[in-house]
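Heads up: the structure comes next, in structure tokens.
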Amino acid sequence: MIVANGRLSAFGAAMFAAALHLTTAATAQLIRELDLSNPAALGTRIEAEPGAAPAIRVTTAWPVVVNLAEIRNPNVEAARLVFEARVRSEQLVGTAYLEMWCHFAGGGQYFGRGLDSTVTGTQDWKTIRTLFILQAGQRPERVTLNLVINGRGAVSIADAKLSKAPL
């Protein structure tokens, strides 16, 4: 390997990565090949919610994070971001909540999770939310909005929106 000033050179890093890839490929043992020919076998289905437009219904056999939106350059600072939606659950073993990630210049990523605003079991439509506080000078480059289902069952979501409020 080529090391300069205590750092691995780009060439050295490439050679190391290639050697690692060859070693891994030669010694890897297949555990399971995924059958992607049948989407129903994947364990998660997203479809339009019958009778409630616009809304979606997520049915899952295991925990899943559904990315609902990514908002680039939201042009906001010194505010409270509020991500809220109407959500209902059906035979949900576990909980479902909203999650918001704020991504900043330089690679910083921080999140807000609505762990105190959830649905579980079988619940009718209710509004849940999560917050993120932005101080003066904090301007996210993008905001990612997710529905987190921490369990198995069905969750429907409608009227999802991101708002800003003063601090």
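The values are calculated or read from the model by the stated rules, or taken from the named source; none is laboratory data. Everything numeric here is computed off the predicted structure, so don't read it as measured data. We place every Cβ from the backbone using ideal geometry, glycine too, and count neighbours over all the protein chains shown. What goes into the accessible areas is simple: the full protein's heavy atoms, side chains included, and nothing from ligands, DNA or RNA. Shrake-Rupley method; radii C 1.70, N 1.55, O 1.52, S 1.80 Å.
Checked against the criteria, Glu47 counts as at pLDDT below 95, open to solvent by less than 70 Å² (accessible area, probe 1.4 Å), in a strand (DSSP E or B) and closer than 23 Å to Ile128 by Cα. Condition check for Ala41 on (1) modelled with pLDDT under 95; (2) open to solvent by less than 90 Å² (accessible area, probe 1.4 Å); (3) in a strand (DSSP E or B): one failure, at (3). Scanning the range 104-123 for residues that are in a strand (DSSP E or B) and open to solvent by 20 Å² or more (accessible area, probe 1.4 Å) returns Gln109, Tyr110, Phe111, Arg113, Thr120, Gly121, Thr122, Gln123.
When the residues of the range 134-167 are narrowed to those that are basic (Lys, Arg) and assigned to a strand (DSSP E or B), which ends up least open to solvent (accessible area, probe 1.4 Å)? Restricting to residues being basic (Lys, Arg) and assigned to a strand (DSSP E or B), the top hit is Arg142.
Evaluate the range 124-133: report whether one residue or more is buried (at least 16 other Cβ atoms within 10 Å of the Cβ), in contact with a Ser or Thr (Cβ under 6 Å, 6 or more places away or on another chain) and in a strand (DSSP E or B). The answer is yes, given that some residue of the range 124-133 is buried (at least 16 other Cβ atoms within 10 Å of the Cβ), in contact with a Ser or Thr (Cβ under 6 Å, 6 or more places away or on another chain) and in a strand (DSSP E or B). For Val93, state whether it is under 16 Å from Thr44 (Cβ atoms), loosely packed, with under 13 Cβ neighbours inside 10 Å and at pLDDT 95 or above. So Val93 fits the description; yes.
Taken over the range 92-124, the criterion of being free of Cβ contacts under 8 Å to residues at least 40 places away in the same chain and farther than 23 Å from Arg72 by Cα is satisfied by Leu115, Asp116, Ser117, Thr118, Val119, Thr120, Gly121, Thr122, Gln123, Asp124. The set of residues from the range 72-90 being open to solvent by 60 Å² or more (accessible area, probe 1.4 Å) and assigned to a strand (DSSP E or B) comprises Arg72, Arg80, Arg86, Arg88, Glu90.
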